[in-house]
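The values are calculated or read from the model by the stated rules, or taken from the named source; none is laboratory data. This one's a predicted model, so the numbers in the text were calculated from it and none came from an experiment. FYI the Cβ positions are ideal-geometry reconstructions off the backbone, even for glycines, and counts take in every protein chain you see. For the accessible areas, the whole protein counts, side chains as well, though only heavy atoms, and no ligand, DNA or RNA atoms are used. Shrake-Rupley method; radii C 1.70, N 1.55, O 1.52, S 1.80 Å.
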Amino acid sequence: MSKISLIVNGRQRSAEIEGRTLLVDLLRGPLGLTGTHVGCDTSQCGACVVRLNGDTVKSCSVLAATLESNSEITTIEAIADADELHPMQRAFSQCHGLQCGFCTPGLIITAIDIVEKHPEGLSADMVRKELKGNLCRCTGYQNIVAAVLKGAEDMGFPARIKAENA
Ligand code: FES
Ligand code: FES
């Protein structure tokens, strides 16, 4: 066992881990952040996506012991602003971009990253390509793509959404 210290959702957190402990298991177990889901454990579904030092990662594919001390992790629990949902969360609700909701935490984290990575604008095709690492077993993809485009608009990118994808 070894001790790891991380900044998780803006708070200093530490825990004892084994060499084999996956980041997702650290988050869901000792750190109690169960909003990050495990859908496959084989790095395919994207339910476990979190932000690590600003980048999105599949937390089931990261050994916690390999993280630098004080690495910054952001999980779905920190996306809303207190009681105010993030625009992307609102858009998923308004566009019915979820059914059972199992894939939703990973999709929301990924969707925010997609918007930030493409300040030049997003098309529906771009969203579909960028979401290739996130699977929805309820197969609600049409509404998910619509939600990401609406979320992008509500995040302040209205003029950049390409008209042909409205
Ligand atoms: Fe990590 Fe499926 S649980 S990609
Ligand atoms: Fe059920 Fe996506 S909403 S898995």
Accessible surface of the range 1-110, 1.4 Å probe, proportion on carbon and sulfur as whole %: 45
Per residue solvent-accessible surface (Å²) - the chain, probe of 1.4 Å: 51
Environment charge at Leu131 (Cβ cut-off 12 Å; Lys +1, Arg +1, Asp -1, Glu -1): 0
Kirkwood Rh in Å, taken over the range 43-148 so that all alpha-carbon pairs contribute: 14.2
Relative contact order (%) - criterion: Cα under 8 Å, at least six apart; region: the chain: 23
Most mobile of Ile144, Ile73, Ile17 in a GNM of the chain (Cα contacts under 10 Å): Ile17
C-alpha long axis of helix 104-117 to longest principal axis of the chain, angle in °: 70
The chain - share of DSSP beta bridges that are antiparallel (%, nearest 5): 90
Most positive-pole-ward Cα, Ile112, Cys136, Phe157, against dipole of the range 77-166 from beta carbon charges: Cys136
